[in-house]
Each structure stands twice: as structure tokens, then as C-alpha cells.
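Colleague: Below is one structure. I have some questions about it.
The values are calculated or read from the model by the stated rules, or taken from the named source; none is laboratory data. Here the structure is a predicted model, which is why all the values come from computation and not from measurement. Using ideal geometry, Cβ is built from the backbone for each residue, glycine included, and neighbour counts are taken over all protein chains shown.
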Amino acid sequence: MKIVTSVKELEACVERERLNKKVIGLVPTMGALHAGHASLVERCTQENDITIVSVFVNPTQFNDKNDLKNYPRTLDADCALLEQLGVDYVFAPSVKEVYPEPDTRVFSYPPIDTVMEGERRPGHFNGVCQIVSKLFYMTKPDTAYFGEKDFQQVAVIRAMVKDLGLPIKLVPCPIVREESGLAMSSRNTLLTVEEKQIALNISRCLFESVDFAKAHSVLDTRNKVVEELNAISGLDVEYFHIVNGITLQEVSSWDEADEIVGCITVFCGVRPVRLIDNIRYK
Ligand code: PAF
């Protein structure tokens, strides 16, 4: 496994692999890798000749300086895991290397990027598009792998790939959960043992809501989840939207769309840690 820190070197490696007709897969990450990332990497190594994993905490997608400062950084452990998983290249650049000058490009895909995370984290998806498009240009992958935990992110990147006309196949991969049901997230490392216990109520409530939804309206299902979670000390629901899985607009009845997904963000604990999760109703 080669660890590459410069864009020039990365591009030279990619060029070489392309000349050798290798099929390239990319897994973009911000590091602090867990089993969720490992599942993306495993899929990537199975489906491609060459796997590139980027490890880069992208400042332009953080709208909160503290969140950026506190984001876990564990490059040595990440590289050890990636080596075990049979990765070919780790791209771990500095901020200066990726952004020698400020990125002034603006990406806008309403209404997909204006609801939920887009509404609460102004500029977040613009930053995600800035870094993901750069990574796509640098690595020229045939396929790129993203976790469905960030359901809205996948939809925004899909819109960006279409907009830019990039010949890249996107593969959304299912959420990986801890045994307790808690969705795997790099942010889980910021939770205390007690907070982790409290946080598992998020997935429990979401799972239970699938059965509840069979006999209740969208509004009642939404309210039940929000009320139940807010009643638990240490949890504070920021939003729970039950949306059309394609347009990400809220639905008011179960037959309004072919794909319906509940997307939730909850503040957990004293710090607090902002956790996201989602559940598919159909
Ligand atoms: O999902 C993430 O970890 C990040 O948003 C991504 C896609 C690596 C871009 O920085």
C-alpha cells in the first residue's frame, strides 16, 4: 500500500494505472475509520483492480469551527486498517495541497441540497461538492463508494456527477450498525459510554417506527419518533423528515412516492454530539 500526500504524485500513480488498463475504485473518507468505512473499502477492492482511499478532513464542508477542530484524526490507525483491507493507495494530503487557493466554485442543486442538512448547515454541501469533485478529477475513478448513512449527501453527489457530466458510477452502500443498532459514525468516538447507551435509542425508535407506520399516518409516525426521543434525557431531535427518497421533499402520505426514507439528526449528550441516521419505509 502506498501512502501519497501530493496531488502530483497521486495523478502520476493514477496515470500509470490507467495506462495499464486498471479499473479504479475510490472511497472518499475523512478518516477515523470504522466498520462502516471498511465495508465500503471491501466492496471497492472486490469490484476494482485498484482501490484508492482518500483520508482528508475537508475544512470547506464544516460550517462550525469547533466541529472541525474536534473532528477525530487517526491517520496511523486508519492506514493500518487500510493496509489489512488490501488498499492500493491512501491519499492523505494537507489542506494546502488540496486548496492551494480558496475554492470559489459554487455548487447548488435545489431542492435536494436546500432541505435538512442543507438548511441547518449552510455551505456544507457546497464544501462536500468542492472536495468530492476535486477527488474525482484527481483520481478519475470508474466507481466511487459512499455510505447511505449520509443519505442526502449521496443524493447531492449524484446530482453533481450528473451536472458535471462525469463518467463515474456511484455506489451507495448500506448503513453498518453496531450490535446495539447505533449507526457507525466517526463521531461515535466523541460519545462517552453513557451517551452511547442513550444514543442507541435513535435506531431503536427508527426500527420500531417501521411497524408503527404500517397502521399510522406519516405525521403520526413522525411525531411518535420525535416525542419518544425528546422524552429521553440527553437526546434532542434537531429534525426528523420523512421524505421522498429521490427528491428529498417531505411526504404527507405513504403512497406519495415509491421510495420513502426517514432522515433524522439528534443532538446527544452534553458536548453535544450531532448524530445522523435514517430508515427506509419503502
Ligand atoms: O462522508 C464523508 O466522510 C465526507 O463528506 C466526504 C464524502 C469524504 C467528503 O469530505
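Colleague: Condition first: aliphatic (A, V, I, L, M) and either over 21 Å from the mean Cα position of the chain (by Cα) or outside any strand (DSSP E or B) (or both). Now tell me which residues in the range 245-282 satisfy that.
Modeller: Ile246, Leu248, Val251, Ala257, Val270
Colleague: Same structure, new question: Give the range 208-222 a look and list any residue that's hydroxyl-bearing (Ser, Thr, Tyr) and either within 26 Å of the chain's Cα centre (by Cα) or surrounded by 15 or more Cβ atoms within 10 Å (Cβ to Cβ) (or both), or say none.
Modeller: Across the range 208-222, the qualifying residues are Ser209, Thr221.
Colleague: For the range 201-220, what are the residues that are touching a residue at least 60 places away in the same chain (Cβ under 8 Å) and within 19 Å of Asp236 (Cα to Cα)?
Modeller: Hits for the range 201-220 are Ile202, Ser203, Leu206, Phe207, Ser209.
Colleague: Inspect all residues belonging to the range 181-198 and state whether any of them is within 13 Å of the ligand (Cβ to nearest atom), in contact (Cβ under 8 Å) with a residue 60 or more places away in the chain, closer than 30 Å to Val106 by Cα and in contact with a helix residue (DSSP H, G or I) (Cβ under 8 Å, 6 or more places away or on another chain).
Modeller: Taking every residue of the range 181-198 in turn, at least one turns out to be within 13 Å of the ligand (Cβ to nearest atom), in contact (Cβ under 8 Å) with a residue 60 or more places away in the chain, closer than 30 Å to Val106 by Cα and in contact with a helix residue (DSSP H, G or I) (Cβ under 8 Å, 6 or more places away or on another chain).
Colleague: Right, something else. Does Ile157 satisfy being within 15 Å of the chain's Cα centre (by Cα) and within 25 Å of Gly262 (Cβ to Cβ)?
Modeller: Details: within 15 Å of the chain's Cα centre (by Cα): yes; within 25 Å of Gly262 (Cβ to Cβ): yes.
Considered against the rule, which asks whether it is within 15 Å of the chain's Cα centre (by Cα) and within 25 Å of Gly262 (Cβ to Cβ), Ile157 comes out as yes.
Colleague: If you scan the range 223-244, which residues turn out to be charged (D, E, K, R) and not in a strand (DSSP E or B)?
Modeller: Lys224, Glu227, Glu228
Colleague: Failed condition for Asp255, given (1) free of Cβ contacts under 8 Å to residues at least 12 places away in the same chain; (2) at positive phi, with all others met?
Modeller: All conditions are met except number (2).
Colleague: For residues in the range 104-139 being surrounded by fewer than 17 Cβ atoms within 10 Å (Cβ to Cβ) and in contact (Cβ under 8 Å) with a residue 40 or more places away in the chain, which is farthest from the ligand (Cβ to nearest atom)?
Modeller: Pro111
Colleague: Right, something else. Just for helices (runs of 4 or more DSSP H) wholly inside the range 19-94: which have at least 3 residues that are in contact (Cβ under 8 Å) with a residue 24 or more places away in the chain?
Modeller: 35-47, 75-84
Colleague: Of all the helices (runs of 4 or more DSSP H) wholly in the range 95-184, which have at least 3 residues that are polar (S, T, N, Q) and at pLDDT 95 or above?
Modeller: 124-139
Colleague: Moving on. Return the total of residues in the range 245-282 being aliphatic (A, V, I, L, M), touching a helix residue (DSSP H, G or I) at 6+ places or on another chain (Cβ under 7 Å) and surrounded by fewer than 16 Cβ atoms within 10 Å (Cβ to Cβ).
Modeller: Final tally of qualifying residues: 0.
Colleague: List pairs: first residue in the range 154-168 and under 18 Å from Lys140 (Cβ atoms), second residue assigned to a helix (DSSP H, G or I) and not β-branched (Val, Ile, Thr) anywhere in the structure, Cβ distance under 7 angstrom, at least six positions apart or on different chains.
Modeller: Cβ pairs passing all conditions: Met160/Cys129; Met160/Ser133; Leu164/Ser133; Leu166/Phe136; Ile168/Phe136.
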